[in-house]
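So the structure is just underneath, and the comments pick up after that.
The values are calculated or read from the model by the stated rules, or taken from the named source; none is laboratory data. In this text, all values refer to a predicted model and were calculated from it rather than measured experimentally. Cβ: placed from backbone, ideal geometry, glycine included. Neighbour counts: every protein chain shown. Please note that ligands, DNA and RNA were not included when accessible areas were found on the heavy atoms of the full protein model with its side chains. Shrake-Rupley method; radii C 1.70, N 1.55, O 1.52, S 1.80 Å.
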Amino acid sequence: MALSLNYWLIICLISLVQIQVSQSIHRDDQPYRTAYHFQPPKNWMNDPNGPMIYKGIYHLFYQYNPKGAVWGNIVWAHSTSKDLINWSPHPIAIYPSIQSDINGCWSGSATILSKGKPAILYTGINPQNQQVQNLAIPKNLSDPYLIEWIKPQSNPMMAPTEQNQINASSFRDPTTAWLGRDGRWRVIVGNKIGRRGRALMFRSKDFVHWTEAKHPLYSLRGTGMWECPDFFPVSTSGEDGVDTSKVGKGLKHVLKASINDGFFDSYAIGTYKYNLGKDVFVPEKGSLRLDSQSKYDHGKFYASKTFFDSSTKRRILWGWINESTDAATDIKKGWSGVQAIPRKIWLDKSGNQLVQWPVKEIEKLRKGQVISSNTELKGGSVLEISGVTASQADVEISFEMSTFKNVEELDPRWSDPQAICSKNGAGKGFGLLVLASKKLEEYTAVYLRVFRAKNRYVVLMCSDQSRSSLHLDYDKTTYGAFVDVNPVKEKLSLRTLIDHSIVESFGGEGKACITARVYPSIAIDGEARLYAFNNGTHNVKISKLAAYSIKDARIS
Ligand code: DQQ
C-alpha cells in the first residue's frame with residue numbers, strides 16, 4: 001500500500017515537472033499564446049457557440065478546425081468549466097454526420113427548454129452548399145457534461161426553398177430561442193436581401209416544426225449580411241440579467257448583429273412587442289443603431305453571443321478575438337483565434353447604452369499586486385509600475401484632472417473617434433503603456449483624452465498599436481471610442497487585461513471596450529514592462545491604481 005502510494009506520488013511529481021518543462025518550452029517558442037484567455041492547444045478557432053449553464057456546469061462550444069490553423073472543416077469543439085476561467089476539453093460535440101450538415105457545422109445557440117432540457121440550433125451546410133438550420137439534443141440528460149449530441153431524423157428544421165425565396169448562402173446562425181406568451185418558441189436567423197441586413201424570425205410549438213414569420217423581427221438597409229444575431233432582454237433597474245424569454249415592464253431589448261461588411265458587432269436598444277400576431281423590435285429614437293458607433297467593442301471582437309447564467313443572475317457575453325497576422329504566420333505558429341474574457345453585460349443607468357465588465361471570477365487569478373492612491377503624475381512624465389508580471393496582468397487605474405483650463409478643443413468636424421485617435425496621437429492624453437519594452441521601442445498605448453466641446457466635455461479612449469511591435473508587417477491599427485462620462489463629476493478610469501498578445505481594455509467602468517491583438521518582438525514575457533503616462537502639460541492625479549499579476553488558467 002505504502003509502496004503504491006509512493007509510486008503514484010512519484011508519477012505525479014514527474015508529470016508536474018514535465019508540465020512545467022513543457023510550459024516553459026512552449027512559452028519560449030510561442031510568445032503570443034495566451035495564459036488566461038480561452039484557446040484550444042492548437043488549430044483554428046472562431047465563433048463562440050451555444051454557451052449555457054447546465055446542472056451547474058458552464059459549457060462553451062466553438063467553431064473549430066480539427067485539421068489546421070486556418071478556417072475550414074468546421075465542427076463544434078466543446079469545453080466545460082465550473083468557474084468560466086478554468087476549462088476542461090471534451091470530444092468534438094457536433095460534427096458533419098448527416099446530409100444537412102455534411103459540409104460543415106456552423107454557428108448556433110443553445111436554448112434551455114421546459115424542464116431544463118438543453119437544445120442546440122445550428123447552421124449546417126448541406127451537399128448543395130446551402131445553409132440550413134439543424135437541431136441537436138443531448139443523448140444523456142443525466143450527464144452534466146453533455147458529451148454526446150444526437151440529431152433528430154427530421155433535420156433540417158429550417159431551409160431555403162422556392163417558396164420562401166431565402167438566399168441559401170445568407171441564412172445562418174440561429175439565436176437562443178425564447179418562448180412567447182402564446183406558447184410558441186421564436187428564433188431569429190441572420191440573413192440579407194441585397195444590402196439590407198435582416199433578422200428572419202421562425203416560430204414553433206414543439207421546437208421541431210418551424211414556420212417562418214411573415215416579417216423579419218427587424219431589418220436595416222445598407223448593413224449587409226448579419227451574422228450571429230443575438231436578441232435578449234435587459235433590466236432597466238440594475239445589473240442583473242434576465243432570462244431570454246422574459247418580457248414585460250422594467251425591461252428593454254437588445255438586438256445585436258455581427259456586421260460582416262466591416263467585421264464588427266453592433267447593437268441597438270429598443271422595445272420588443274408582440275401585437276396582432278406580429279413580433280416586432282422597435283429601436284428607441286436616438287438609440288445606437290447597429291452602426292460603427294454602437295459596437296460592443298471598438299477593437300477586435302466578433303461573432304459574439306450572450307447567455308443567461310441562471311445560477312448568478314448574470315447575462316454573460318462571449319466574443320471571438322481573431323488574429324491580425326496572415327495565414328502563413330498562423331500556420332507556422334499552429335493556431336489562430338482566442339476568446340475574450342467572458343463579460344457580464346447589462347444596461348447602463350442612462351438606459352442608452354450597454355456596459356460590459358470581465359466576470360468577477362477572473363479575480364481569482366490575481367496574485368502579486370501593486371496598489372496605490374493619490375499619486376501625482378506630472379505633465380509629460382512616464383512612471384513605471386513595477387512589481388507585477390507585465391505580460392500577464394490586470395490593471396485598474398483612475399485619474400483626476402487638476403484643472404480643466406487647458407483641455408483641448410474638439411474640432412466639431414471630428415465625429416469619428418478612431419480617426420481622432422489615429423490622426424492626432426496621444427495629444428494631452430494620459431493612460432497606460434502596456435507590453436512595453438524597457439527602452440520604449442515597443443508599447444501599446446491605452447489612454448484617455450478629454451476635450452472641450454460646446455457646453456460639455458468629451459472623453460475619448462484610444463488603444464494605439466502603432467508602436468506595438470518592431471515587426472514592420474504586423475497590424476498597426478489605432479482604435480478609438482467615445483466614453484460617456486463627465487470628467488468633472490466622474491472618475492476617468494481604465495482597466496486593461498494584458499495576456500501576452502491581448503490587450504483587452506475597458507474605459508469608464510465598462511462603458512467603452514477596446515480589444516487589441518499585438519505581437520511585440522522585444523516586450524515578451526519577462527522583458528515586458530508596464531507604465532503610466534501623462535502626455536499633458538498639467539499634472540493629473542492617479543486617484544487609484546491596482547495592478548495584479550495574473551496566474552495561468554487551466555485551459556487545455
Ligand atoms: N462563422 C461561422 C458562420 C458565421 C461566421 C462559420 C461568423 O456560421 O456566420 O465558421 O464568424
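When His215, His90 are compared by accessible area at a 1.4 angstrom probe, the order from most to least is His215, His90.
Think of it as helices only: each DSSP H run of n ≥ 4 in the chain is worth -39500 (n - 2.57), and spread over all residues that comes to -2500 deg cm²/dmol at 222 nm. Taking the 1.4 Å solvent-accessible surface of the chain as the whole, the part contributed by carbon and sulfur is 52%. Highest mean first, the peptides 542-548, 444-450, 382-388, 137-143 sorted by other C-beta atoms within 10 Å per residue fall in the order 444-450, 542-548, 382-388, 137-143. Close amide H pairs (under 5 Å, H built 1.01 Å from N) link Thr175 with Ile188, residues at least 5 positions away or on another chain. Database remark: amide H of Tyr296 closer than 5 angstrom to the amide H of Asp265, Ser266, Tyr267 (H placed geometrically; neighbours at sequence offset of 5 or more, or on other chains; Pro and chain starts carry no H).
Within the shell of other residues whose beta carbon sits under 10 angstrom from the beta carbon of Gly241, the net charge comes to +1, with Lys and Arg scored +1 and Asp and Glu -1. What you get for the range 45-358, charging only the Cβ of Lys and Arg (+1) and of Asp and Glu (-1), is a dipole of about 820 debye around the Cα centre. Using only the C-alpha atoms, the convex hull of the chain corresponds to 167 Å³ per residue. Distant-in-sequence amide contacts of Tyr36, defined by a placed amide H-H separation under 5 Å and a gap of 5 or more residues or a different chain, comprise Ala553. With the charge dipole of the chain set up from +1 on Lys and Arg Cβ and -1 on Asp and Glu Cβ about the Cα centre, the Cα lying farthest toward the positive end among the listed residues Met158, Asn275, Asn374 is that of Asn275.
Placing unit charges on the Cβ atoms of the charged side chains and taking the dipole of the range 45-358 about its Cα centre, the candidate lying farthest along the positive direction among Gly197, Leu84, Gln353 is Gln353. Kirkwood radius, the range 45-358, all distinct C-alpha pairs, inverse of mean reciprocal distance: 19.5 Å.
So if I take the centroid of the Cα atoms in the range 480-556 and the same for the range 91-106, what is the distance between those two points in Å? The distance from the Cα centre of the range 480-556 to that of the range 91-106 comes to 40 Å. Each residue of the range 327-342 was assigned a 3J(HN,Hα) from its phi angle through the Karplus expression (A = 6.51, B = -1.76, C = 1.60, θ = phi - 60°), giving 4, 4, 5, 5, 4, 4, 7, x, 7, 7, x, 9, 9, 5, 4, x Hz with x at Gly and Pro. Would you work out the relative contact order for the chain, in percent, from Cα pairs under 8 angstrom that are 6 or more residues apart? Value for the chain: 14 percent. The solvent-accessible area of Glu527, taken with every protein chain present and a 1.4 Å probe, is close to 100 Å².
Scale the Cα Rg of the range 202-343 by the rule-of-thumb value 2.2 N^0.38 Å and send over the ratio, two decimals. Working it through for the range 202-343, the quotient is 1.19.
For the Cα trace of the range 82-226, dividing Rg by the Kirkwood Rh returns an Rg/Rh value of 0.98.
The distance separating the Cα centre of the range 349-381 from that of the range 319-337 comes to 29 Å. Think of the chain as having a plus end and a minus end, set by charges on the Cβ of Lys, Arg, Asp and Glu; of Leu448, Ser237, Val70, Ser237 sits farthest toward the positive end of this dipole. Averaging 1/r over every pair of different alpha carbons in the range 141-211 and inverting the result gives a Kirkwood radius of 14.0 Å.
P(r) for the range 366-550: what percent of alpha-carbon pairs falls in each 5 Å bin, starting at zero? Histogramming the range 366-550 at 5 Å steps yields 1, 9, 18, 22, 22, 15, 8, 3, 1, 0 percent. Annotation: Cα Rg of the range 480-556 relative to the compact-globule expectation 2.2 N^0.38 Å equals 1.29.
Rolling a 1.4 Å probe over the protein heavy atoms gives the chain an accessible area of 43 Å² per residue.
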